[in-house]
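Heads up, the thing below is written out as structure tokens.
The values are calculated or read from the model by the stated rules, or taken from the named source; none is laboratory data. These numbers come from a predicted model, not from an experiment. Cβ coordinates were reconstructed from backbone atoms using ideal geometry, including for glycine residues, and neighbour counts include every protein chain displayed.
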Amino acid sequence: MNGEKSTRCETERIVICISGMAGTGKSTLAKKLAQKYGLKYYSGGDALRAVAAEKGYDSFNNGWWESGEGLKFLEQRKADTSFDKAVDEKLLEYAAKGNVLLDSWTMPWLFSGGFKIWLAASVAKQAERIANRDHMTVEEAFSALEAKEARTKAIYKQLYGFALSEDFSPFDFILDTDNLSADEVFTVLCRVIDNVVIAKGESGKTAPCP
């Protein structure tokens, strides 16, 4: 019982943000980490997909963001930033409550606390992974990726002023995933979270129990 209470206290109010461009495996990894550490999982991408579905898009298929429909919705978001603002306000509310893992491109810049992780990968590796995931050629994946990332970066630059995948100043830990399997990335991040976030707390001290 004491062990269970200790674990619960240590994870209370913890906020972990995971970011990375398409093809880095961040969403699958974030869900797995949230389950392991008993954190609530929230995804900015999932929330935006839900908004797109409300607008009539068939947005819950794999690879949708890189599709023609996904790119069209990106243009719609650029013209009307209220979609992104509403999602980000909700994510900030979740972050303020703590005990969460946020899969988000914006929270590392918008939320002042938490432990922030960036998963990096070369464009060639991103395209290779997307091609395998969505059953397309690497050339098709590269073209879709290029169009999507350009639009996505433009949205956040216009809305918040930060340079996605260029400015890494908010991040506490950056991991190059090019030569690592999904299991190896998970193992590395578990060690980091255990030793930096859980054991010491985000402020460098063990989180106190009430």
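Computed values, structure above
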{"quantity": "Residue in the stretch 96-135 that is nearest to CYS190 (Cα to Cα), counting only those that are among the aliphatic types (A, V, I, L, M) and free of Cβ contacts under 8 Å to residues at least 24 places away in the same chain", "calculated": "ALA96"}
{"quantity": "Of all residues in the stretch 166-206 being among the aliphatic types (A, V, I, L, M) and more than 18 Å from ALA34 (Cβ to Cβ), the one that is modelled with the highest pLDDT", "calculated": "ILE174"}
{"quantity": "Scan of the stretch 168-193 for residues that are of a type in the set (S, T, N, Q) and surrounded by fewer than 16 Cβ atoms within 10 Å (Cβ to Cβ), ordered by number", "calculated": "SER169, ASN179, SER181, THR187"}
{"quantity": "Hits in the stretch 74-95 - residues which are touching a residue at least 24 places away in the same chain (Cβ under 8 Å) and more than 19 Å from ALA30 (Cα to Cα)", "calculated": "LEU74, GLU75, ARG77, LYS78, THR81, PHE83, ASP84, LYS85, ALA86"}
{"quantity": "Cross-chain or 6+ apart pairs with Cβ under 7 Å, the stretch 142-154 first and on the phi < 0 side of the Ramachandran plot, then of a type in the set (Lys, Arg) and modelled with pLDDT under 90", "calculated": "ARG151/LYS78; ALA154/LYS78"}
